[in-house]
There are 2 protein chains.
Amino acid sequence: MDIELIRRLSTPADTKVVLCVMDGLGGMPGPRGRTELEEATPRHLDRLAAEGTVGMTIPVGYGITTGSGPGHLALFGYDPLQFEIGRGALEATGIDFALGPDDLAARGNLCTVDAAGIITDRRAGRVDTETTAEICGLLEREIHLPGVELFVKPVREHRFALILRGPGLHSGLNETDPQREGVAPLGVVALDPAAEPTAVLVRQFVTEARRLLMDRTQANALTLRGWDHRPNMPQMPELWKLRAAAVAVYPMYRGLSRLVGMDVLDCGTNIESQVETIKQHWHDYDFFFLHFKYTDSAGEDGDFARKTQMIRDFDAHIPSLLALKPNVLVVAGDHSTPAVMADHSWHPVPVLISGDHVRTDAAHRFNEPECIVGGLGTFPAKELLPIAFAHARRLSRFGA
Amino acid sequence: MDIELIRRLSTPADTKVVLCVMDGLGGMPGPRGRTELEEATPRHLDRLAAEGTVGMTIPVGYGITTGSGPGHLALFGYDPLQFEIGRGALEATGIDFALGPDDLAARGNLCTVDAAGIITDRRAGRVDTETTAEICGLLEREIHLPGVELFVKPVREHRFALILRGPGLHSGLNETDPQREGVAPLGVVALDPAAEPTAVLVRQFVTEARRLLMDRTQANALTLRGWDHRPNMPQMPELWKLRAAAVAVYPMYRGLSRLVGMDVLDCGTNIESQVETIKQHWHDYDFFFLHFKYTDSAGEDGDFARKTQMIRDFDAHIPSLLALKPNVLVVAGDHSTPAVMADHSWHPVPVLISGDHVRTDAAHRFNEPECIVGGLGTFPAKELLPIAFAHARRLSRFGA
C-alpha cells in the first residue's frame, strides 16, 4: 500500500467492510494428502469462494516466515519491513497499556541471581503470573524516578513491561540480558550519547528494584530489552476516512489494532461473543477487524484434525456475519501455520473477498489449490486492504 | 531479496540445497505446437513437478530479455539492476583470474586490420585459443606501463581479458570496437575527466600492442570494452551463513559464482562429471550450484529437437542428484531461449522446488503451461533463493 496515494484517494462512503483474520490459516497437505482447508471443506467459506473471488497473500516477503505482529500489520495495509515495532512497545500495547507519545517501553524478564549477583535462572523458573504481578506492583509503588512517571505491568510468567513516561526519553539503550546464565545482568549503557539521561534513570530503576527484591530467593533481579517508543503509524481513521473497530480476544492483536488507530471493542473470549460484539456496534463503524486465534494454536500444536475443526468452527459463524449485510467480507490469514510443520511458515496464505463488485473467478472452494488459480492472484498481503476498500467504493479514481 | 533482511534472518542449519540451472530453459511452442519442455516430457523432472511445487520466474523485469550474467545473479538472489557487473570484470573472473581491489579489467577481442588499419575481421577469423594465448603472453611480457601492473589473459578463440593493477584506475572509458568492419578501431576516450590518466595508459597499451602485432596477417590488432572493477557483492557464505560451491563448466558462470563467494570446484566438462563432483564434495558444502549450458546453446542455434534432447539428457541425471538426498532440489533457468526465436527472450522461466516442506500443487508436469498455474506463482527470479532456503529452514522468523 502506498500510504500517500491512499491518503489522497480514500473517500468516505456508506459501506461496511469486515476483515476476518483466521490466524495461521494457510496449511499443507496432511495425512490424507489434503490441506486443512481442503479437509475441512468449510461449507460457507466454500460458497463465498464460489460466489466471490480468491487469491493468495504473501505476508512479508518471498520465503519469509513472519510472526503474527508483522503478519497483521501487513493485513492492515502497512509494509511490515517499513513499520517495525520494537518489542517493548508491542509488549506494552499487547497488555492493553495505552502507550502515549512521551512513553518509552521495554520488555522485562524477572530472573534469579545468587548472592554474588550472578544469574542462575534467566527466567526465574518461569515464575507464575500472579507472583510477577505482585512484584510489578511493588516496583511500581516503591520506585520513584525524578521527572518521569513509571509503570511496571505483568505480562505472563516471568515477563513484564516497563514504561517510563516523561519528556525527552531516548530508546538508545542496550539489552541487559546477557542471554546466558553464570554471569551478572549487563549494566545499562547508552548506545547514543543523547540516551545518557535515560540510562541514568534506568540504572536507578534497576538498582532500586534489586534492593526491593534482594530478600527473595527466586525472581530477585531483572533484565530489560527492546526499548522503544510507540511507533508513529499512520492512523486508519485518518488514512481511510472511516471509523474502524477491532474485535480481538488476545492482547497482542488488541494492542496492534490500537496502534493503527482502531477502537478496540470489549468482547467476550469466544467467537460467538465476538460476532455479537460486531452486531451490537454495527452502526458505529465502517470497518471491523475480527481476529480468530485458534486455527494458529492448533497448527502450532501440530494438530491437523483440530486445525481442521477450528476452520469449521469459524465457518459456522459466517452466516451471522453475512446477516449483517456487509458490503465486503474478507477472510484472510496473517501467515501459514501448517499443522504438519507445527510452526509458522513462509507459504502464501489463502484469501477471499466476497460482496459488492467482486469479479468472480473459476475457484469454487476456499483452499490452497483453488486460491492459487483465483482471480486475485498471488500478491503482497499489504495490498489486501486497498483491494477490499476498492470493492467497498472507498477509493476514488486516480487521474482523469 | 532484501539483503539486510536476509543477513538478519539467515540461520545455519544441517540441510543441503542444490540449485540446478538449465541455461535458457524457457521455451515456446515449436513445430508441433508444444514447447521444448512439453515435447521432452522429461520423466524425472515431471515427477518432481508432480510431487513438488512449480512456478515461473521473471529474470530481471517484465519484458526484459537478459543475458546469462544478470540472469544468474538473480538466481543467486541479487537484484541484477542493483548489481551490474561490467563485462571486463565478468570475463576476468570467468577465467579464474582473482581480481583484486585495485584491478581494472576489460574484455578484449583480437581483430584483423589491413595495412591502413581498417578492420577486415572483428574476430580475427575466430583465431584458435592457443594462438591467442601466445599473443597474450607476448603483450603481457613486452608491454610495460608506468605505475601499473599488467595482465593479458586468453579466454577462448579471439577473446582475452586485460587487467591493469594499480591505484586510482578509473572505469570511465569507451568501447573501442566499432561493431562493424570497414572502419578502424575507435580511439580510447575518457568518458569522465577523472578517467583521463587511465585513458593515457590504455592508449599506450593499444599503441604498443599494435606495434608488437603488426607483422601478423591475422589477429594483428585489438579492441577493448566493458571496463570495470571487481563488483562489491555481498558474499553468499556470509549472507546465508553456509558453505557454497559452484559446479560449472563455462568460465563466465565460474567467475560469477566466485564473485558472489562460492567456491568453484574443479569438475570435468560434462554433466556426468559435474554430478560426480557434487557427490565427492557432498559433505563439504550446504549449497551447490550446478550449471547446464546446452539447453541454451541448442536454443540459440534454433535447434528445437536438440534443445528437447538436451532437456532429456539433463533429466537423466536427476536420479543421481536425488540419490544424494538433498533437502531441497531446485531446477531453474536463467532466462528463456525459445528455439523458435533462436535467441534469449523475456518470457518467464519454469522453475520447480522439490524436497522438504513443499506445499504441493495441481501441476504434475514441468513445462510452461503447468508452471503458470503452479503453487509458486510467477515471481521475480531474485526471490527464488529465499524461497528455496526457507524450505531448507535456513531463515528464522521475522518479528513476534
Residue set B:LEU239, B:LEU256, B:LEU265, B:LEU290; condition farther than 19 Å from B:THR93 by Cα, in contact with a helix residue (DSSP H, G or I) (Cβ under 8 Å, 6 or more places away or on another chain) and among the hydrophobic types (A, V, I, L, M, F, W, C); output residue B:LEU239
Does A:PRO101 qualify as being in contact (Cβ under 8 Å) with a residue 12 or more places away in the chain and either of a type in the set (Gly, Ala, Ser) or assigned to a loop (DSSP other than H, G, I, E, B) (or both)? yes
State yes or no: is B:VAL260 of a type in the set (Val, Ile, Thr) and either surrounded by fewer than 19 Cβ atoms within 10 Å (Cβ to Cβ) or in contact with a His (Cβ under 7 Å, 6 or more places away or on another chain) (or both)?
no
Picking from A:LEU37, A:LEU90, the residue that is under 26 Å from A:ILE6 (Cα atoms) and either without any contact (Cβ under 8 Å) to a residue 40 or more places away in the chain or within 14 Å of another protein chain (Cβ to nearest Cβ) (or both) would be A:LEU90
By residue number, the members of region B:375-392 that are more than 9 Å from chain A (Cβ to nearest Cβ) and more than 22 Å from the chain's Cα centre (by Cα) are B:ALA392
Note on region A:49-70: residues closer than 30 Å to A:ALA105 by Cα and within 8 Å of another protein chain (Cβ to nearest Cβ) are A:VAL60, A:GLY61, A:ILE64, A:THR65, A:THR66, A:GLY67, A:SER68, A:GLY69, A:PRO70
Note: among B:THR53, B:THR131, B:THR66, B:THR112, just one is touching an Asp or Glu at 6+ places or on another chain (Cβ under 8 Å), within 30 Å of B:MET214 (Cβ to Cβ) and polar (S, T, N, Q), namely B:THR112
Residues of region B:332-354 being surrounded by fewer than 24 Cβ atoms within 10 Å (Cβ to Cβ) and either assigned to a loop (DSSP other than H, G, I, E, B) or within 13 Å of chain A (Cβ to nearest Cβ) (or both), in sequence order, are B:PRO338, B:VAL340, B:MET341, B:ALA342, B:ASP343, B:HIS344, B:TRP346, B:HIS347, B:PRO348
Over region A:227-257, the set of residues within 10 Å of the chain's Cα centre (by Cα) and assigned to a helix (DSSP H, G or I) is A:PRO251, A:MET252, A:TYR253, A:ARG254, A:GLY255, A:LEU256, A:SER257
Can you find a residue that is in contact with a strand residue (DSSP E or B) (Cβ under 8 Å, 6 or more places away or on another chain) and more than 22 Å from B:GLU370 (Cα to Cα) anywhere in region B:26-42? no
B:ALA400 meets each of (1) more than 8 Å from every other protein chain (Cβ to nearest Cβ); (2) surrounded by fewer than 18 Cβ atoms within 10 Å (Cβ to Cβ) with one exception, condition (1)
When A:PRO326 is run through (1) in contact with a helix residue (DSSP H, G or I) (Cβ under 7 Å, 6 or more places away or on another chain); (2) closer than 21 Å to A:ALA248 by Cα; (3) part of a loop (DSSP other than H, G, I, E, B), the failure sits at (1)
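Yes or no, residue by residue, for (1) on the phi < 0 side of the Ramachandran plot; (2) in contact with a Lys or Arg (Cβ under 9 Å, 6 or more places away or on another chain); (3) in a loop (DSSP other than H, G, I, E, B):
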{"site": "A:ALA13", "(1), (2), (3)": "yes, yes, yes"}
{"site": "A:PRO31", "(1), (2), (3)": "yes, no, yes"}
{"site": "A:VAL54", "(1), (2), (3)": "yes, yes, no"}
{"site": "A:ILE64", "(1), (2), (3)": "yes, yes, yes"}
{"site": "A:GLY71", "(1), (2), (3)": "yes, no, no"}
{"site": "A:ALA89", "(1), (2), (3)": "yes, yes, no"}
{"site": "A:ALA105", "(1), (2), (3)": "yes, yes, no"}
{"site": "A:CYS111", "(1), (2), (3)": "yes, yes, no"}
{"site": "A:ALA115", "(1), (2), (3)": "yes, no, yes"}
Restrict the check to region B:124-143 and report whether at least one residue is under 26 Å from the mean Cα position of the chain (by Cα), in a loop (DSSP other than H, G, I, E, B) and assigned by TED's automatic domain parsing to the domain that holds B:ASN220. yes
B:ASP313: over 30 Å from B:THR35 (Cβ atoms) and in the same structural domain as B:GLY30 (by TED's automatic domain parsing), yes or no?
no
Taking region B:1-33 and the residues there that are free of Cβ contacts under 8 Å to residues at least 40 places away in the same chain and closer than 17 Å to B:PRO338 by Cβ, the one that is farthest from the other protein chains (Cβ to nearest Cβ) would be B:ARG32
Filter region A:94-111 for residues that are away from chain B (no Cβ under 12 Å) and under 13 Å from the mean Cα position of the chain (by Cα); the one that is surrounded by the fewest Cβ atoms within 10 Å (Cβ to Cβ) is A:ASP96
Taking region B:355-374 and keeping only residues that are modelled with pLDDT of 95 or more and within 7 Å of chain A (Cβ to nearest Cβ), one is left with B:HIS357, B:ARG359
When every residue in region A:176-187 that is within 29 Å of the chain's Cα centre (by Cα) and buried (at least 18 other Cβ atoms within 10 Å of the Cβ) is compared, the one modelled with the lowest pLDDT is A:ASP177
Subset of region B:15-29, residues on the phi < 0 side of the Ramachandran plot and within 23 Å of the chain's Cα centre (by Cα), comes to B:LYS16, B:VAL17, B:VAL18, B:LEU19, B:CYS20, B:VAL21, B:MET22, B:ASP23, B:LEU25, B:GLY26, B:GLY27, B:MET28
Taking first residues from region B:188-210 that are part of a loop (DSSP other than H, G, I, E, B) and second residues anywhere that are among the basic types (Lys, Arg), the pairs with Cβ under 8 Å that are 6 or more apart or on different chains are B:VAL188/B:ARG203
Worksheet item: For A:LEU75, are the conditions met, namely being under 13 Å from the mean Cα position of the chain (by Cα), closer than 16 Å to A:ALA381 by Cα and either within 14 Å of another protein chain (Cβ to nearest Cβ) or surrounded by fewer than 24 Cβ atoms within 10 Å (Cβ to Cβ) (or both)?
Response: yes
When region B:238-266 is checked residue by residue, the ones that are charged (D, E, K, R) and farther than 22 Å from B:LEU395 by Cβ are B:ARG254, B:ARG258, B:ASP263, B:ASP266
Check: Within region A:372-381, is there a residue that is part of a helix (DSSP H, G or I) and not polar (S, T, N, Q)?
Finding: yes
Picking from B:ALA199, B:ALA194, B:ALA221, the residue that is outside the structural domain of B:ALA323 (by TED's automatic domain parsing), loosely packed, with under 15 Cβ neighbours inside 10 Å and more than 30 Å from B:ASN327 (Cβ to Cβ) would be B:ALA194
Residue set A:THR112, A:THR93; condition at pLDDT below 95 and either closer than 30 Å to A:ILE372 by Cα or outside the structural domain of A:TRP346 (by TED's automatic domain parsing) (or both); output residue A:THR93
Any residue at all in region A:292-305 that's over 23 Å from the mean Cα position of the chain (by Cα) and hydrophobic (A, V, I, L, M, F, W, C)?
yes
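The values are calculated or read from the model by the stated rules, or taken from the named source; none is laboratory data. Values in this document were obtained by computation on a predicted structure and should not be read as measured data. Positions of Cβ are backbone-derived with ideal geometry, glycine not excepted, and every protein chain shown enters the neighbour counts.
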